[in-house]
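Take a look at the structure below.
Just so you know, all these numbers are worked out from the coordinates, no wet-lab data involved. Please read these numbers as outputs of a predicted model, since none were measured by experiment. Every residue, glycine as well, gets a Cβ built from its backbone with ideal geometry; the counts of neighbours run over all protein chains shown.
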Amino acid sequence: MKLINLSQILLALTAIAAGANLHARNIAQYNTIPLPHEVEAMPGRPFIMGADVKIAAGQGLENEARFMADYLSSGLRGFSTGDIELRADLEDSNPEAYTINIDGDRVVINGASAAGVFYGVQTLRKSLPSRLDADGTVELPAVRIYDRPRFAYRGMHLDVARHFFGVDDVKTYIDMIALHGGNTLHMHLTDDQGWRVEISKYPLLTQIGSHRDGTIVGRTGPEYDNIPVDGFYTRDQIADIIAYAAERHIQVIPEIDLPSHMVAALASYPELGCTGGPYEVWQRWGIKEDVLCPGKDATMQFITDVLDEVMDMFPAPYIHIGGDECPKTRWKECPDCQARIKELGLVEKEGVSPEAQLQGYVTAHACDVVRRHGKSAIGWDEVLECQVPDDAIVMSWHGVTGATEGTKRGHRVILTPSQYCYFDYFQSPDGPDEPFAVGGLTSVEKVYSLEPCPPEMPDSHKSLVMGVQANLWTEYIKTFDHVQYNVLPRMAALAEVQWVEPDKKDYENFRSRVPHIMSAYDAAGYNYAKHIGDVKVHYETDRDLHALMMTCTALPGYDIRYTLDGSEPTVGSQLYTGPVALDRDCIVKVNTFHGDGIPGRAVCDTLGINALTFGKVSLVNEPYYVYAFQGAPQLVDGLRGTKYFRTGRWLGFSVKDVDATVELDSPATLSTVTFNTVVKPEDALADAESAEVYGSSDGHTFELLASQTYEPDDPKADHHISGHTLTFEPRTLKKLRIVIRPVKKLPADHPQGGWPALLFIDELQAR
Ligand code: ACM
Ligand code: ZN
């Protein structure tokens, strides 16, 4: 055992803690994030941690002991008697398992490996308060903790190609992963907009490919910012990152995204493309038709050489070879590609084109190169579009489909389903307060709700699920502060998906533990999103009362107060004590108040009750899956959407008509139907093309009551709500059918010209 005496390291602090043991008021809290598998309170005295605590490290655990010492010195303001003993002789089938046993005399962390000890150290440090009150000592109640991760692969991805982040930022990102029990950093090193790793055989990749002159403003411009973006990692810097990560039991997986997303490489070596260029490092976002030309031997050699060098640099057993979003446009026209297709005898088979099979040829080649190094290739789930070598690992990002299909075909899989794991998506519905983002809505709660072994996956396939990862694409993320904001605290929810067994997951319990890990973020100086502290307001339809039942939850220690007249809640407003029935038009505002009377951020909803509200609604066509939220009932749920369309109040449709039939609670005499849409040209949100209203007085046969055709939007229109009213002679009706047609193809002068519009609809109303 090697003893590190912290009183020697922290001489300056011992005076503060002198005589401290008698009045410890800081108490360790073991329900950390991720929640340990078993936490059992034990009888007996607590351990008092104060001045001169000693860390006893078993053979080979000096690294873990040093972390323990560092965490204590930076996180605590005093130390005292007693020992922390680190051992690695735990017998457990899971090599990352650990136990922590604490009594009045000592703290023992025992791991099944050094990694297990490291996770025990993490749990212990997270158990301690980040700031100490009173005398600077901490009381650690006697306890027995047993923990092990559910999944062996626990990843976080960082796109350093779209915007570059230097070595220090990457190290901080690694620290953030370590804090959350992750063990993998996936670095997306190459893309159309930048090549970020030095390759000695192809020096132009970084001389030319690591620079772009500017970046498009917003999603589609037309302006460019003309601010150059530069940067790449040298071999030494990569080695530095890998060593830093390894100390924290984190493997670094490099991604060379091929054969698509390769414009930066083509700008450097145009001869590797089908047309020969010239090409420029791309300043826009999206999918480019220019990809590597697998018809040329030089390209296949390039793939071999680059992967060889990358594997030389990165010791991880996995290399990511990309494979996503590869248009086949150029290959169809390219004589070299067509000659290759002929040479390989590729013909259309079971609906898979020869060009799609040509991508399979590239994937198989890359897998071969990787296999020769005794490693396995990981590919995005598009690799399943054709035959793929058995040892390839599939990274499922199109929902969980890549995982279910991949495991069915015997592949190991990693889940990164975009709806749950894309941390570039918005994390909160409130538009004006949020930094610009790619789209979508992935709240902390949504991340938490991911079950990586979906019900449709047979039990026999589940052992092929290696684990879970979240991805951070950085098209719209230029600073590391913004990286942290997007990742924290969603990474905390991810950690529980990665570590905690499904039967122990409980979102409200998790939420109550988040403030504690946020204090660790504060102590480390991390930027993070705070929406989880906002009051959560939930509405349930009560048909008997013809009302919405409002329930509210807040973090422990907060009062909830509300108003119904649109005024700001104050400490004098109505105190929320239980569900509230809302049965008339009103503007609800709810907020939380801590003991000091300082409010959080108010939640506001507008409620409107009419003949259609709470009716039975059915849709012929489903909404677009990204904006399907709670589905059809939302159209008549009494809750109106504001112009921010990701709030869950709106339903988004694309291409297919909104074709809704609403059965009224009881027949009503009606003469007006209204609905709203959202117009936002830069996001392809356009007003309806036309609308029709049909009525049925017998509940079976319908007649057309009103119809309208709408002018196309002004392509320069500001983001706004567009309201529509259709009127007809008064009728007593049992059912209404409302058809609203989206624009199928936006006109050429529209910012999203040529694409189908998104049609957002809210609150079908009738009077
Ligand atoms: C991806 O999001 N294109 C993997
Ligand atoms: Zn070609």
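Quick check on segment 500-581: what does the Kirkwood estimate of hydrodynamic radius come out to from the alpha carbon pairs, in Å? One decimal place: 15.4 Å for the Kirkwood radius. Across segment 584-655, Cα-Cα distances exceeding 17 Å account for 55% of all pairs. By the rule of a C-alpha distance below 19 Å, with chain neighbours fewer than 8 residues away ignored, the lysines paired with Lys296 are Lys201, Lys328, Lys332, Lys342. Computed from backbone phi, the HN-Hα couplings of segment 476-488 come to 10, 10, 9, 10, 6, 4, 5, 3, 5, 4, 6, 8, 10 Hz, rounded to whole numbers (Karplus: 6.51 cos²θ - 1.76 cosθ + 1.60, θ = phi - 60°; Gly and Pro given as x). Peptides 209-220, 413-424, 233-244 ranked from most to least packed give 413-424, 209-220, 233-244, packing being the mean of other C-beta atoms within 10 angstrom over each peptide's residues. Modelled label positions at Arg284 and Arg372, each set 7 Å beyond Cα in the direction of Cβ, lie 3.8 nm from each other. Basic side chains Lys and Arg get +1 at the Cβ, acidic Asp and Glu get -1 at the Cβ, and with that the dipole of segment 199-244 about its Cα centre reaches some 220 debye.
Peptides 353-365, 280-292, ordered by how many other C-beta atoms sit within 10 Å of their residues on average, highest first, read 353-365, 280-292. Projecting the Cα atoms of Val121, Gly181, Gly104 onto the charge dipole of segment 56-190, computed from C-beta unit charges around the Cα centre, puts Gly181 farthest toward the positive end.
When only alpha carbons are used to place a centre, segment 197-267 and segment 706-767 end up 43 Å from one another.
Building the convex hull from the alpha-carbon atoms of segment 623-750 and averaging its projection over directions returns 8.0 nm². Around the amide H of Phe653, modelled in the peptide plane, lie the amide H atoms of Tyr624, Leu759, Phe760, Ile761, all under 5 Å away and 5 or more residues distant in sequence or on another chain.
A Förster radius of 30 Å, combined with the Cβ-Cβ distance separating Asp718 from Ala364, puts the computed FRET efficiency at roughly 0.05.
The tail of the calculated P(r) for segment 232-271, taken as Cα-Cα distances beyond 11 Å, holds 71 percent of the pairs. Run down the lysines and flag those whose C-alpha is under 18 Å from the C-alpha of Lys745, throwing out any fewer than 8 positions away in its chain. Excluding near neighbours in sequence, the set is Lys656, Lys680, Lys716.
Phi-derived couplings, Karplus 6.51 cos²θ - 1.76 cosθ + 1.60 at θ = phi - 60°, listed residue by residue for segment 195-204: 10, 10, 9, 5, 10, 5, 6, 10, x, 5 Hz, with x used for Gly and Pro. In terms of overall dimensions, segment 442-550 has a Cα radius of gyration and Dmax of 17.4, 52 angstrom. Model label sites at Ala239 and Glu451, defined 7 Å from Cα along the beta-carbon direction, differ in position by 4.8 nm. Fraction of C-alpha pairs exceeding 24 angstrom in segment 124-260: 48 percent, rounded to a whole number. Equivalent ellipsoid of segment 214-359: semi-axes from √(5λ) of the C-alpha gyration tensor, largest first, are 29, 23, 14 Å. Binning the C-alpha pair distances of segment 119-160 at 10 Å intervals from 0 yields a P(r) profile of 18, 37, 26, 15, 4 %, listed from the shortest bin outward. Model label sites at Leu704 and Lys201, defined 7 Å from Cα along the beta-carbon direction, differ in position by 6.7 nm. Considering only Gly566, Gly753, Leu86, the residue lying farthest towards the positive end of the dipole of the chain is Leu86, judged by Cα position with unit charges set on Cβ.
Taking each DSSP H run with n ≥ 4 as -39500 (n - 2.57) and averaging over every residue of the chain yields -7000 deg cm²/dmol at 222 nm.
Only Lys, Arg, Asp and Glu carry charge here, each on its Cβ (+1 for the first two, -1 for the last two); on that basis segment 462-516 has a dipole of about 40 debye about its Cα centre.
Normalised radius of gyration (Cα atoms, divided by 2.2 N^0.38 Å) for segment 564-617: 1.37.
Net length available on complete extension from Glu568 to Asp297 is 90.7 nm, with 0.36 nm assigned per residue and the Cα-Cα distance removed. If R0 is 25 Å, the Cβ-Cβ spacing of Arg66 and Ser460 corresponds to a FRET efficiency of close to 0.05.
Working value for segment 278-426: equivalent-ellipsoid semi-axes of 24, 19, 18 Å, each the square root of 5 times a Cα gyration tensor eigenvalue, largest first. Per residue, the convex hull around the alpha carbon atoms of segment 349-429 comes to 113 Å³. For segment 435-559, the tally of Lys pairs with Cα-Cα distances below 27 Å comes to 13, considering only residues 8 or more apart or on different chains.
Karplus-based coupling profile of segment 597-606, in residue order and whole Hz: x, 7, x, x, 9, 6, 9, 10, 9, 10, with θ = phi - 60° in 6.51 cos²θ - 1.76 cosθ + 1.60 and x standing for Gly or Pro.
Taking amide H atoms as placed 1.01 Å from N in the peptide plane, the amide H of Asp159 lies under 5 Å from those of His188, Leu472, Thr474, each 5 or more residues away in sequence or on another chain. The magnitude of the dipole of the chain, with charges of +1 and -1 set on the Cβ of Lys/Arg and Asp/Glu and taken from the Cα centre, is near 840 debye. Ranking Thr701, Pro667, His719 by how far each Cα lies toward the positive end of the dipole of segment 625-767 (charges on Cβ) leaves Pro667 at the top. Shape annotation for the chain: C-alpha extents along the principal axes are 90, 76, 52 Å, from largest to smallest.
Sorting the segments 323-330, 661-668, 632-639 by their residues' average number of neighbouring beta-carbon atoms within 10 angstrom, most packed first, yields 632-639, 323-330, 661-668.
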